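**Student:** Sharing a structure below in structure tokens format, with a few things to ask.
The values are calculated or read from the model by the stated rules, or taken from the named source; none is laboratory data. Everything numeric in this text was worked out from a predicted model, so none of it was measured. Don't worry about glycine lacking a Cβ; one is built from the backbone with ideal geometry, like all the others, and counts go over all protein chains shown. Ligands, DNA and RNA are stripped out before the accessible areas are found, and what is left, the full protein with its side chains, is counted by its heavy atoms. Shrake-Rupley method; radii C 1.70, N 1.55, O 1.52, S 1.80 Å.
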Amino acid sequence: MREIPKVALLVETARGFGRDLLHGIARYSRLHGPWSFHITPGDYKQAVPEMKQWGGTGIIARIPNDRVAQAVVRANVPTIALGLTDKQLKPGSPLAKFSEISSDAVEVSRVAAEHLLGRRFSHYAYVGSEDRGWSSRREIAFQEFMAEHGFKVNVYRQPKRLRDRVWEREQEFLARWISKLPTPIGLFACDDDRGREVLEACSLAGLHVPEDVAVIGVDNDEVFCELAFPPLTSIALNAEVAGYRAAALLDGMMHRRIRKPQRIVVETIGIVTRRSTEVVAVEDEDVVTALQFIHREQGRGISVDDIVKHAAVSRRNLETRFREALGRTILEEIQLVRLERAKRLLAETSYPVSKVAELAGFGSAGYFIQFFQKRLGKTPRKYRIDLSR
């Protein structure tokens, strides 16, 4: 009789990213298992079970401290680590031998930067968590991307004393720092947790979101983002597919088909825009009115004439002022918004391409495919297949 693998999952279940990752692992187990799991509901604090006593054969774990690191290394079973720090990845570190799941810091930061740049701010900021390697990598990538566009990023530094990093105390530090920033400003938070804390600090500092500070996070934890005030714009990551791929990798490691460590990259799906960035730093009120209408309708079933009518100005006048303010035409803005909606539909639904084209406002499936391929270098079908790998 085939022995059932026993896998310890040291992954936070209190966050959307962790839950999505676990969904992917569970899907692999259903199709290729069964597997038996050790899992502890909760946040980042996890405990490694006694692997030998339990009969554990593999581990997928976030390793936040030396205590967990020592226990994982001592278990001496095939292991995949989640989001290792630069220190943990250094040659000579016992954790450097593990396979790893990590997001693409450059891609995530590029998406955040382009979203905020599209809002036409003159000032930008980053708020991270200095004890997390992925946050530091996102900070560096965001700074480099913004420097290419001629902007310097204001970076928040956490209090040096650990007792001041407890949120009840740190929020005052963060609020004071934010209150000194030039406004309006676009702010990139390393994840949704940090994004929600930034929103609270803005409120404490008497600043309005998104009018004074536009905020974007990462992970698109729908519950937390929707409960934030205002609702938080976030970058969605394909953690479920990453979880499935991690389980497949661990399966190969446990059966000794795979011996060399590998890196699994959590792909970026796109941006889910909510109230926290629904603003454009443009002084022309008619252009702002047109932009708000386009983004509220998400490009669906609207034309340039509809926008002109809504703004109550002449078409030629609005077209000229729109291009002067944003560097693109009204139609180009509509198409960009439609494209983002189409990408989300391809990632989050199983609708056929023709239905996606209709719901995104493109009308003709043929034109949608042509436009999509021209902008992204691949067809909608190929885009969807790549997301599922």
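**Student:** With both bridge residues required to lie in the range 151-286, what share of the DSSP beta bridges run antiparallel, to the nearest 5%?
**Tutor:** Taking every DSSP beta bridge within the range 151-286, about 35 percent pair in antiparallel fashion.
**Student:** Could you calculate the FRET efficiency of Arg257 with Val73 from 1/(1 + (r/R0)^6), where r is the beta carbon distance between them and R0 is 35 Å, rounded to 0.05?
**Tutor:** Efficiency at R0 = 35 Å is approximately 0.95.
**Student:** Can you tell me the orientation of helix 365-376 relative to the chain, as the angle in degrees between its alpha-carbon axis and the longest Cα principal axis, to the nearest 10?
**Tutor:** With both axes taken from Cα atoms, the answer is about 70 degrees.
**Student:** Consider a paramagnetic label point 7 Å from the Cα of Ser122 along Cα→Cβ; state which residues of the range 159-186 have an amide N under 14 Å from it.
**Tutor:** Counting backbone N atoms under 14 Å from the label point, the list is 182-186.
**Student:** What is the ratio of the Cα radius of gyration of the range 293-389 to 2.2 N^0.38 Å, with N the residue count, to two decimals?
**Tutor:** 1.17
**Student:** Restricting to the chain, compute how many DSSP beta bridges are antiparallel as a %, nearest 5.
**Tutor:** DSSP beta bridges in the chain are roughly 10 percent antiparallel.
**Student:** Could you tell me, in Å, what Rg and Dmax come out for the Cα atoms of the chain?
**Tutor:** Cα only, the chain: 22.9, 77 Å (Rg, Dmax).
**Student:** OK, next. Report, to the nearest whole %, how much of the accessible area of the chain belongs to carbon and sulfur atoms, 1.4 Å probe, protein only.
**Tutor:** Carbon and sulfur: 50 percent of the exposed surface of the chain.
**Student:** For Ile216, what charge total do you get from the other residues with a beta carbon under 13 Å from its beta carbon, if Lys and Arg give +1 and Asp and Glu give -1?
**Tutor:** Residues close to Ile216 contribute a combined charge of +2.
**Student:** Give the share of C-alpha pairs in each 5 angstrom bin for the range 222-292, from 0 to the last occupied bin, in whole percents, shortest bins first.
**Tutor:** Bins of 5 Å from zero give 3, 13, 14, 12, 12, 11, 9, 8, 6, 5, 3, 2, 1 percent of pairs.
**Student:** Here's something else I'd like to know. How far apart, in nm, are the 7 Å Cα→Cβ label points at Asp284 and Ser350?
**Tutor:** Result for the modelled spin labels: 4.6 nm.
**Student:** Something else now. From the phi of every residue in the range 132-137, what ³J(HN,Hα) in whole Hz does the Karplus formula 6.51 cos²θ - 1.76 cosθ + 1.60 yield, where θ is phi - 60° and glycine or proline is x?
**Tutor:** Using θ = phi - 60°, the values come out as 10, x, 5, 5, 5, 5 Hz.
**Student:** Still on this structure, please answer the following. Going by average Cβ neighbours within 10 Å, how do the peptides 33-40, 243-250 rank, with the highest at the top?
**Tutor:** 243-250, 33-40
**Student:** Follow-up question, since we're still on this one. At 7 Å along the Cα-to-beta-carbon direction for both Asp164 and Ile39, put a label point, then send me their distance in nm to one decimal.
**Tutor:** Calculated label separation equals 3.9 nm.
**Student:** How large is the helix-only mean residue ellipticity at 222 nm for the chain, computed as the sum of -39500 (n - 2.57) over DSSP H runs with n ≥ 4, divided by its residue count, in deg cm²/dmol to the nearest 500?
**Tutor:** -15000 deg cm²/dmol
**Student:** What angle do you read, to the nearest 10 degrees and between 0 and 90, between the alpha-carbon axis of helix 239-254 and the longest principal axis of the chain?
**Tutor:** 20 degrees
**Student:** Before anything else, pin down the relative contact order of the chain: Cα pairs under 8 Å, at least 6 apart, normalised by residue count, whole percent.
**Tutor:** 14 percent
**Student:** Here is a follow-up. Within 10 Å, count the other beta carbons around each residue, average over each peptide in 20-28, 193-201, 83-91, and list them highest first.
**Tutor:** Ranking, from highest mean packing down: 193-201, 20-28, 83-91.
**Student:** What is the set of long-range amide H partners of Leu10 at a cut-off below 5 Å, with H atoms built 1.01 Å from backbone N?
**Tutor:** Correct list: Ile60, Ala61, Arg62.
**Student:** Hey, another quick one. So with the 1.4 Å probe, I'd like the accessible area per residue for the chain, rounded to whole Å².
**Tutor:** 49 Å²
**Student:** Over the range 204-356, what relative contact order in percent results from Cα pairs under 8 Å that are six or more residues apart?
**Tutor:** For the range 204-356, the relative contact order is 20 percent.
**Student:** Residues of the range 146-163 with the amide nitrogen closer than 11 Å to a label point 7 Å from the Cα of Asp131, along Cα-to-Cβ, please.
**Tutor:** From the range 146-163, the list is 162-163.
**Student:** Evaluated at 37 °C with a viscosity of 0.692 mPa s, what Stokes-Einstein diffusion coefficient in µm²/s does the range 189-256 have when Rh comes from the Kirkwood expression over alpha-carbon pairs?
**Tutor:** It comes out at roughly 242 µm²/s.
**Student:** In degrees between 0 and 90, to the nearest 10, how far off the longest principal axis of the chain does helix 315-326 point, with axes built from Cα atoms?
**Tutor:** Helix 315-326 sits roughly 40 degrees off the main axis of the chain.
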